[in-house]
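A short write-up of the structure that comes next.
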Amino acid sequence: MWKIPDYLNVIKNIKKYIMLKKLEQYSEGSEKNISIIVIDTLIALSVIAAACYVYFINHNRVLKISISILIFIGIIFYIIKITIYVMTNGKKEPGITTLILIDGKGSYSTEWEIQGKKSLLIGKNTRNSEVDIDLSNTEYSSLISKQHAVLNFAANNWFIEDIDSCNGVGIKKTDEVSKKKLEKDTPYKLDSGDIIYIANTKIFVK
């Protein structure tokens, strides 16, 4: 069966582009990216407003055709831009090396390097026991169990498992709108760009 080359697979390229941009966001911090998001949003709203005027208020047929051509050229331009970006920056699937704690404002506050590790316990430190990923000082620490979840490295992949926590573990994939709650004592494979929910506390997987 004939397969579409990766560089022509627009949907796949857009998903990978979103993932790579998300990784950049948590690598560089949020202030710069918030400004970019605001500018992009304003541009998008301006384009939508102009399109509404041209197609629903304006009655000049020549203007409508001209704007339609410009919009088509713009879409082709952005598809080419995304394709070039993905081919340049996404030749190799990024491996998981770091976990990043996301605070309530969407910024990252703490990082844990996990490359070379085999197993990591997520929870809260106590007098009698310590965990590898300590979330004692997070905003929703009261919802986190002392031993909430475990990360295990096997077959060149990281897996997360809810170890009978009170408030559960969730995963939000890059191309998904909502998070998925994990079944207890069931390993779930992680990918770069995922967001782990330890109760309401968010950890970005990089």
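The values are calculated or read from the model by the stated rules, or taken from the named source; none is laboratory data. Everything quoted here is computed from the prediction, not taken from an experiment. Heads up, the Cβs are rebuilt from the backbone with ideal geometry, glycines too, and the neighbour counts pull from every protein chain shown.
Structure summary
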quantity: Region 169-192, subset hydroxyl-bearing (Ser, Thr, Tyr) and more than 21 Å from LEU121 (Cα to Cα), residue surrounded by the fewest Cβ atoms within 10 Å (Cβ to Cβ); calculated: SER178
quantity: Elements of type helices (runs of 4 or more DSSP H) in region 1-118, at least 2 residues being over 30 Å from GLU139 (Cβ atoms), modelled with pLDDT under 85 and in contact with a helix residue (DSSP H, G or I) (Cβ under 7 Å, 6 or more places away or on another chain); calculated: 10-28, 61-89
quantity: Enumeration of residues in region 173-189 that are in contact (Cβ under 8 Å) with a residue 12 or more places away in the chain and either in a strand (DSSP E or B) or touching a Leu at 6+ places or on another chain (Cβ under 8 Å) (or both); calculated: LYS181, LYS184, TYR188, LYS189
quantity: Residue within region 121-129 that is touching a His at 6+ places or on another chain (Cβ under 7 Å), within 14 Å of ILE203 (Cα to Cα) and either acidic (Asp, Glu) or in a strand (DSSP E or B) (or both) present; calculated: yes
quantity: Some residue of region 148-162 being out of contact with any Cys (no Cβ under 8 Å at 6 or more places or on another chain), farther than 30 Å from TYR17 by Cβ and part of a loop (DSSP other than H, G, I, E, B); calculated: no
